[in-house]
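Take a look at the structure set out below.
The values are calculated or read from the model by the stated rules, or taken from the named source; none is laboratory data. The structure presented is a predicted model; accordingly, all values stated were derived computationally and were not measured. Note that each Cβ is placed from the backbone with ideal geometry, even for glycine, and that neighbours are counted across all protein chains shown. With ligands, DNA and RNA removed, areas are computed over all heavy atoms of the protein, side chains included. Shrake-Rupley method; radii C 1.70, N 1.55, O 1.52, S 1.80 Å.
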Amino acid sequence: MGFNRTSVLVAVISLYFPASVMAQADQTVKDNLQYTLQVPYPVEKISSSPKKARIKNVVLMIGDGMGLTQVSAAWIANRGQLYFEQFTHTGLSKTTAANKLITDSGAGATAMASGQKTIYHAVGVDTVGRDLATLTDIAHKKGLATGIVVACSLTDATPASFAANNIDREEEEEIATDFLESKVDILFGGGRRFFNRRKDQRDLLKEMEDKGYEVITSSTDFLNSSQSKILAVVENGQLDIAPKRGPVFQEASIHTLNLLKARKKGFFALLEGSRIDDMGHMNNLPGVVEEVLDFDQTIGRVLKWAAADGETLVIVTADHETGGLTLLDGDISTGRVSGKFSTGGHSGVLVPVYAWGPGAELFTGIYENTELFHKIITLLGKKVNGE
Ligand code: MG
Ligand code: ZN
């Protein structure tokens, strides 16, 4: 059998095409796996953690998909300094779900919110779908104010685990209806379309107003509001990624702490650096680092706020690691970092826990993610679910 013209052409294409695709892929990989922070920010020393103070407020900050390598990458980029380093106590959290080694944000956050392990993709319910009482529910029952600030949709898995109950995190329109009953005082995030562009034609923004919430659709209006019950859904979908979104997550977080403090009885707040996870799924190292840097600057502002307040415990942790990120090279003096991802999904590595303020010593050690709930409840001196 001799070669005809077509078979020669096919052979030539098959020789060339994979090579050109490979070259392109290498270029993309290289672009996404190197990052240099051009302008580092200064990290101010926070005055020392209050000793023997009573605990009035608890701020839980979750970096979604934020493992130790994500934090380390940001640390290199910012020339070897981060606000993270000012936490006085650290621990490690085991993140497995009830039915799966590698968890998702639903089962991960539900464990922290309720003290119970649940199944993959469930939010605020147990392994058979029964509603769980969460930290925001319990805090509210005890007369504390509560708040949730996220950079994703409010109906996304992490905030949903604290304020809603659904066996399936994908049911975001159903999850939105749960906010009508959630009793969370201050809600800030995206996901407006799940409230007002729904298959059932309901206008949950109007229904939330009827429940006594001031409904706000812009970040500026939120930062200028001093109402005690607010639903701020400032985007139809998620908030933009850092640094494009500006300091809005940082500012909304601090404004929320001020609003909650004004209620005087103490509070529980959840602040989520939501989009670290998205950047990890995309294996986008610059995106991961920029998101962690925004989260770290939020931490700096929160620690300063807590130091001035004197009765606030600040806990920072993650629901799981995303991307299986490894750091391979970098330079602290220039802020250059390079790394590699091993998956487009989550990984099963333990995640760090950082604590500062009254009660911080309870967070040292190695424990299940459900213990975060129990430790917080213990510190607030509450009895939960008959325990
Ligand atoms: Mg999340
Ligand atoms: Zn994820």
Between a residue in region 49-71 that is assigned to a loop (DSSP other than H, G, I, E, B) and any residue that is within 16 Å of ligand 1 (Cβ to nearest atom) and of a type in the set (Lys, Arg), which pairs come within a Cβ distance under 9 Å, given they are 6 or more apart or on different chains?
64/275; 65/275
Among the numbered criteria (1) within 16 Å of ligand 1 (Cβ to nearest atom); (2) of a type in the set (S, T, N, Q); (3) touching an Asp or Glu at 6+ places or on another chain (Cβ under 6 Å), which single criterion is violated by residue 338?
(1)
Failed item in (1) within 16 Å of ligand 2 (Cβ to nearest atom); (2) assigned to a loop (DSSP other than H, G, I, E, B); (3) under 21 Å from residue 85 (Cα atoms), with residue 292 passing the rest:
(2)
Can you name every residue in region 90-118 that is free of Cβ contacts under 8 Å to residues at least 40 places away in the same chain and either polar (S, T, N, Q) or outside any helix (DSSP H, G or I) (or both)?
97, 98, 99, 100, 118
Checking 344, 330 in turn, the sole residue that is assigned to a loop (DSSP other than H, G, I, E, B) and open to solvent by 20 Å² or more (accessible area, probe 1.4 Å) turns out to be 344
So, in region 262-276, of the ones that are more than 8 Å from the chain's Cα centre (by Cα) and in contact (Cβ under 8 Å) with a residue 40 or more places away in the chain, which residue ends up nearest to ligand 2 (Cβ to nearest atom)?
270
Residue pairs qualifying under the 6 Å Cβ cut-off, at least six apart or on distinct chains, with the first in region 206-233 being part of a helix (DSSP H, G or I) and open to solvent by 50 Å² or more (accessible area, probe 1.4 Å) and the second being among the acidic types (Asp, Glu) and at pLDDT 95 or above, are 223/251
If I go through region 120-168 residue by residue, how many of them are at negative phi and either assigned to a helix (DSSP H, G or I) or open to solvent by less than 20 Å² (accessible area, probe 1.4 Å) (or both)?
34
Enumeration of residues in region 114-133 that are under 19 Å from residue 171 (Cα atoms) and in contact with a Ser or Thr (Cβ under 8 Å, 6 or more places away or on another chain):
118, 119, 120, 122, 123, 124, 125, 126, 127, 132
All but one of (1) open to solvent by 10 Å² or more (accessible area, probe 1.4 Å); (2) in contact (Cβ under 8 Å) with a residue 12 or more places away in the chain hold for residue 291; which doesn't?
(1)
Out of the residues in region 169-199 meeting the condition of being away from ligand 2 (no atom under 16 Å from the Cβ) and acidic (Asp, Glu), tell me which one is most open to solvent (accessible area, probe 1.4 Å).
181
Going by the structure shown, is residue 244 assigned to a helix (DSSP H, G or I), at pLDDT 95 or above and open to solvent by 60 Å² or more (accessible area, probe 1.4 Å)?
no
Starting from residues that are of a type in the set (A, V, I, L, M) and open to solvent by 10 Å² or more (accessible area, probe 1.4 Å), keep the ones in region 247-279 and report whichever is nearest to ligand 1 (Cβ to nearest atom).
248
In the set 81, 38, 27, the lone residue that is assigned to a loop (DSSP other than H, G, I, E, B) and either at pLDDT below 95 or open to solvent by 70 Å² or more (accessible area, probe 1.4 Å) (or both) is 38
